[in-house]
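Participant: This is the structure I have questions about; it appears just below.
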Amino acid sequence: MDPINRESRTSVRFQIRYVLALPWATDPARAVRFQRALLDEGLEFSQVNTLDQRLTLTRSQPSHLQIRLDAPGPQVVQVQVLSANPGYDLEMFARDAEAATRAYQAAWHLQQCQIIQSSALIHHLYSVHDHAFKYLWEVRLGQSPEDFRALGRRPVAGGGLRLLLPPHKQADDEEPRSIEIRAESFLAEPRKLLIETIFVWPKPRSVQAPEGFAPGPYLRQVEDFAADEVWSFFTSSRRDRDVPPEPPAP
């Protein structure tokens, strides 16, 4: 039996974020115009919350979806679209995110804008045969449970591993991106392993209406990397790497 069940993979969070070089310009009238533009794109939200330099729209059906607009700094606006415990797949989320960014462009009459930074995040949850942190510590990292004696004779309820890869590109036509990977035992269900994969694209780009912000290709890059390289990394145990190759046949 494989220690991690690949078929058990569940997507528990999708998120796309854009940082724009724009001044904050949101008032009640503009918020209403944004909701109308979203309706024109087929997106209806049951909850709207407005705070100082923050606008949040949330729906629960047919799948959870949230749009957040805020101003993290002067002359900077952040646009986030996310789905927690989504009731649909990545492609459907990408369509909703594309519709949301088109509505944003329409409501603010943005014929052209500068995206300073883009990022995408995906959370996957996997079933593990044993405690997820025990798998990470003893199988993947090849460490001994006795190591925790240095912390006192207390049980370790959970933990994880975090990796940061600086911006890089592997092909001439590929945008540089940094990667962050986090894996930890899911405290609510210790036999679940939560893996977070984040890509950040620091290179600015200019977009024009009506092309939208094109979230789909960015989200798919994260999904493909998580399903291939990240999966291979976390399922390759130290024991597997230490096994010497078989001698060639005579």
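The values are calculated or read from the model by the stated rules, or taken from the named source; none is laboratory data. Nothing here was measured: the structure is a model prediction, and the numbers come from that model. Cβ placement follows ideal geometry from the backbone for every residue including glycine, while neighbour counts extend to all protein chains displayed.
Participant: Step by step: first the residues of the stretch 25-41, then only those that are crowded, with 18+ Cβ neighbours inside 10 Å and hydrophobic (A, V, I, L, M, F, W, C), then the one that is nearest to Ala209 (Cα to Cα). Which residue is that?
Facilitator: Ala37
Participant: Just give me the residues in the stretch 42-63 being surrounded by fewer than 17 Cβ atoms within 10 Å (Cβ to Cβ) and part of a loop (DSSP other than H, G, I, E, B), in sequence order.
Facilitator: The first filter runs over the stretch 42-63 and keeps only residues surrounded by fewer than 17 Cβ atoms within 10 Å (Cβ to Cβ), leaving 42, 44, 46-54, 56, 58, 60-62.
The answer is Gly42, Glu44, Ser46, Asp52, Gln53, Ser60, Gln61, Pro62.
Participant: Now a separate question. Select, from Pro176, Pro166, Pro210, the only residue that is loosely packed, with under 15 Cβ neighbours inside 10 Å, farther than 29 Å from Ile67 by Cβ and not basic (Lys, Arg).
Facilitator: Checking each option against the conditions leaves just Pro166.
Participant: If you check Tyr104 against the conditions, is it surrounded by fewer than 18 Cβ atoms within 10 Å (Cβ to Cβ), aromatic (Phe, Trp, Tyr) and within 30 Å of Ala37 (Cα to Cα)? Quick ask: steps written out before the conclusion?
Facilitator: Working: surrounded by fewer than 18 Cβ atoms within 10 Å (Cβ to Cβ): no; aromatic (Phe, Trp, Tyr): yes; within 30 Å of Ala37 (Cα to Cα): yes.
Here the answer is no, as Tyr104 does not meet what is asked.
Participant: Could you check the stretch 114-135 and list, in sequence order, the residues that are crowded, with 21+ Cβ neighbours inside 10 Å and either in contact (Cβ under 8 Å) with a residue 60 or more places away in the chain or of a type in the set (Gly, Ala, Ser) (or both)?
Facilitator: Selection gives Ser118, Ala120, Ile122, His124, Tyr126, Val128, Ala132, Tyr135.
Participant: Here is a further query. Identify the single condition in (1) among the aliphatic types (A, V, I, L, M); (2) at pLDDT below 95; (3) under 18 Å from Gln105 (Cα atoms) that Ile67 does not satisfy, given that it satisfies every other one.
Facilitator: Only one criterion in (1) among the aliphatic types (A, V, I, L, M); (2) at pLDDT below 95; (3) under 18 Å from Gln105 (Cα atoms) is unmet by Ile67, namely (2).
Participant: If you don't mind, another one. Can you spot a residue in the stretch 102-109 that is in contact (Cβ under 8 Å) with a residue 60 or more places away in the chain, farther than 30 Å from Pro190 by Cα, in a loop (DSSP other than H, G, I, E, B) and not aliphatic (A, V, I, L, M)?
Facilitator: Yes, there is a match, as at least one residue in the stretch 102-109 is in contact (Cβ under 8 Å) with a residue 60 or more places away in the chain, farther than 30 Å from Pro190 by Cα, in a loop (DSSP other than H, G, I, E, B) and not aliphatic (A, V, I, L, M).
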